[in-house]
Amino acid sequence: MSNNVAKVTGEVIWFDETKGYGFLEVEGREDNLFVHKRQLNESGIQVLKKGHRVRCQVGQPPAKYRKTPNDTCAVSIELA
């Protein structure tokens, strides 16, 4: 992901450590943003809890995880 991509701010609404994924409510978006533990590991974050504020870029998940060609997910996550 290039460095000139804008970051969005959101809040964790749900994250299941056992399943390894969850969702963010992002300011300015109608739909929730999927977040996978792989993106957390790449960002050095150990765990997300409901209510955590985060900043991230919006990208596409690997093809094998997409349900539709337009699916998006959180990448380059940092705690806000």
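Some observations on this one:
- Inter-residue pairs, beta-carbon under 9 Å, first touching a residue at least 24 places away in the same chain (Cβ under 8 Å) and in region 58-79, second assigned to a helix (DSSP H, G or I) and among the aliphatic types (A, V, I, L, M), 6+ apart: 77/40
- The residues of region 58-80 that are open to solvent by less than 40 Å² (accessible area, probe 1.4 Å) and closer than 16 Å to residue 12 by Cβ, listed by number, are 73, 74, 75, 77.
- With respect to being without any contact (Cβ under 8 Å) to a residue 12 or more places away in the chain and either touching a helix residue (DSSP H, G or I) at 6+ places or on another chain (Cβ under 9 Å) or open to solvent by less than 80 Å² (accessible area, probe 1.4 Å) (or both), residue 6 falls outside the description.
- Taken residue by residue, region 37-48 has no member that is assigned to a strand (DSSP E or B), under 9 Å from the mean Cα position of the chain (by Cα) and of a type outside the set (Val, Ile, Thr).
- The lone criterion from (1) open to solvent by 80 Å² or more (accessible area, probe 1.4 Å); (2) at pLDDT 90 or above; (3) assigned to a loop (DSSP other than H, G, I, E, B) left unmet by residue 55 is number (3).
- Selection of region 16-48 for residues being touching a strand residue (DSSP E or B) at 6+ places or on another chain (Cβ under 9 Å), open to solvent by 100 Å² or more (accessible area, probe 1.4 Å) and over 11 Å from residue 78 (Cα atoms) yields 25, 27.
- Among the residues making up region 58-76, those that are assigned to a loop (DSSP other than H, G, I, E, B) and under 21 Å from residue 6 (Cβ atoms) are 60, 61, 70, 71, 72.
The values are calculated or read from the model by the stated rules, or taken from the named source; none is laboratory data. Nothing here was measured: the structure is a model prediction, and the numbers come from that model. Every residue, glycine as well, gets a Cβ built from its backbone with ideal geometry; the counts of neighbours run over all protein chains shown. Quick note on the areas: whole protein, heavy atoms, side chains included, nothing else; ligands and nucleic acids left out. Shrake-Rupley method; radii C 1.70, N 1.55, O 1.52, S 1.80 Å.
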